[in-house]
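Written below as structure tokens is the structure these notes are about.
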Amino acid sequence: MPDRRTRITRATRAGLAWDQQHHAVVPPIYLSTTYAWPKPGESPGHEYSRSSNPTRSLLADTIADLEGGAGAEITASGMAALTTMVAAFAPAGSLVAIPHDCYGGTWRLFTALAGKGQFELASVDFTDQASMAALWPRKPALVLLESPSNPLLRITDLPTVIDAAHAAGAVVAVDNTFLSPALQRPIELGADIVIHSTTKFLNGHSDVVGGAAVGATQEIVEELRWWANCLGTPGGALDSYLTLRGLRTLGVRMKAHCTNAQALAELLAQHPAVTATHYPGLPDDPGHDLARQQQDGFGGMLSFELADLAAAKRCLTGLTCFSLAESLGGVESLICHPATMTHAAMPPEVQAAAGISDGMLRIAVGIEEIDDLVGDLRAGLDRARRS
């Protein structure tokens with residue numbers, strides 16, 4: 001009988017009462033590295049924890065269910081998930097396309113592999129029709145999308161771009177880290193693979209590094225699992241347990257992230273120190289209408305631009321409700337300077353082409369009381385305005 005409960009309810013209750021030996025409500029952690037065979041030739045199911053682990057499998061099943069996929073592979077980090085996907089779906093000598101404004105670590109990985117001759121790399125603005133029109137005749141083997149993008153929150157028309165990529169013969173992956181399946185499910189929009197840094201919103205507490213690659217079909221899942229086992233990229237049991245624990249509160253956390261981000265974006269949009277605000281929840285944002293169509297919320301990430309680096313430093317100095325740190329998706333609010341932090345791997349000319357300025361700051365909005373966040377940020381903006 002199909003499970004008619006909502007995704008969020010299924011996530012909250014994933015694995016509860018799974019233990020049939022002691023009837024623990026919360027599923028146990030299986031830390032064993034190896035598993036005994038009942039007899040020669042009769043596998044116990046799990047054989048060695050690099051290949052599979054009961055705790056990791058439970059997390060994989062839960063994330064796959066949330067994303068509407070056939071299965072998932074849990075990895076040691078989001079970068080490990082990307083590396084596994086590339087090994088599986090980017091043949092030697094093929095063309096791989098990535099967003100021109102993607103996460104700096106993603107840019108570094110793909111650029112480094114292309115530099116070693118693993119594949120040819122195209123950096124594409126997937127919000128620009130001319131850029132995409134030049135890409136499709138080149139027949140890319142793998143296309144990676146980010147929507148919203150990091151850090152400018154640009155929205156890609158996922159169904160349209162995915163259809164075009166498929167017509168060109170590409171496997172399409174979407175990094176869904178910024179929204180989580182609570183707000184967007186790329187497989188429903190046609191994607192073949194969904195990538196997550198589970199470190200972020202899925203775990204939600206800034207205490208576990210992990211990743212996931214979700215496949216739309218069993219064939220894709222098996223390919224991801226084979227390469228993860230081969231490369232040694234799977235995550236550990238304890239990290240999987242902690243991520244599953246965090247995942248149980250995904251629904252309530254995402255509602256709070258969205259509410260707080262909207263309020264901060266509205267503050268930024270009207271403050272005289274701010275030259276640009278990037279948040280799809282604002283009605284005049286270029287991606288607003290598209291985000292309304294393909295997302296269930298606008299998310300907890302935003303970025304904004306001040307006059308220059310000096311103004312950005314004045315804003316940052318003295319903040320008490322925002323930690324100056326990389327990462328995102330935790331219950332606490334973080335603020336960072338992309339040019340020197342999350343996107344420092346990009347040379348200045350690549351940052352400029354992506355639209356990353358020295359005066360840009362990115363906020364991962366937490367779930368603190370919104371009045372505290374607004375007051376603290378307003379004070380920072382007032383400092384930024386003073387010369």
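The values are calculated or read from the model by the stated rules, or taken from the named source; none is laboratory data. Since this is a predicted model, take the numbers as computed values, not measurements. Don't worry about glycine lacking a Cβ; one is built from the backbone with ideal geometry, like all the others, and counts go over all protein chains shown.
A few comments on the model shown:
- For the stretch 134-150, the set of residues classified as surrounded by fewer than 24 Cβ atoms within 10 Å (Cβ to Cβ), over 10 Å from SER94 (Cα atoms) and among the small types (Gly, Ala, Ser) consists of ALA134 only.
- Within the stretch 135-149, one or more residues are at pLDDT 95 or above, assigned to a strand (DSSP E or B), touching a Ser or Thr at 6+ places or on another chain (Cβ under 6 Å) and within 14 Å of LEU189 (Cα to Cα).
- Selected residue (criterion: farthest from the chain's Cα centre (by Cα)) from residues of the stretch 314-355 that are among the β-branched types (Val, Ile, Thr) and at pLDDT 95 or above: THR317
- Condition check for ASP128: of a type in the set (Asp, Glu) and either out of contact with any helix residue (DSSP H, G or I) (no Cβ under 6 Å at 6 or more places or on another chain) or in the same structural domain as ARG362 (by TED's automatic domain parsing) (or both): yes
- Scanning the stretch 329-342 for residues that are in a loop (DSSP other than H, G, I, E, B) and either hydrophobic (A, V, I, L, M, F, W, C) or assigned by TED's automatic domain parsing to the domain that holds THR106 (or both) yields VAL331, ALA339, MET341.
Per-residue answers, yes or no, for (1) touching a Cys at 6+ places or on another chain (Cβ under 9 Å); (2) of a type in the set (S, T, N, Q); (3) not in a loop (DSSP other than H, G, I, E, B):
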residue: PRO2; (1), (2), (3): no, no, no
residue: THR9; (1), (2), (3): no, yes, yes
residue: GLY15; (1), (2), (3): no, no, no
residue: LEU59; (1), (2), (3): no, no, yes
residue: ALA64; (1), (2), (3): no, no, yes
residue: GLY93; (1), (2), (3): no, no, no
residue: ASP101; (1), (2), (3): no, no, no
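- Unique residue being assigned by TED's automatic domain parsing to the domain that holds GLU219 and surrounded by fewer than 17 Cβ atoms within 10 Å (Cβ to Cβ) when the list is ALA97, ALA70: ALA70
- All helices (runs of 4 or more DSSP H) inside the stretch 174-282 with 2 or more residues being under 17 Å from the mean Cα position of the chain (by Cα): 237-247, 250-270
- Residues within the stretch 315-328 that are assigned to a loop (DSSP other than H, G, I, E, B), in contact (Cβ under 8 Å) with a residue 60 or more places away in the chain and either touching a Gly at 6+ places or on another chain (Cβ under 6 Å) or surrounded by fewer than 15 Cβ atoms within 10 Å (Cβ to Cβ) (or both), tallied: 3
- Sub-9 Å Cβ pairs linking a first residue in the stretch 291-307 that is crowded, with 24+ Cβ neighbours inside 10 Å to a second residue that is basic (Lys, Arg) and modelled with pLDDT under 95, at least 6 apart or interchain, are LEU306/ARG385, ordered by first then second residue.
- Among the candidates SER77, SER49, residue that is closer than 23 Å to GLY251 by Cα, buried (at least 16 other Cβ atoms within 10 Å of the Cβ) and either outside the structural domain of LEU242 (by TED's automatic domain parsing) or small (Gly, Ala, Ser) (or both): SER77
- Of the residues making up the stretch 242-257, not a single one is touching a residue at least 12 places away in the same chain (Cβ under 8 Å), touching a Gly at 6+ places or on another chain (Cβ under 8 Å) and closer than 28 Å to ALA310 by Cβ.
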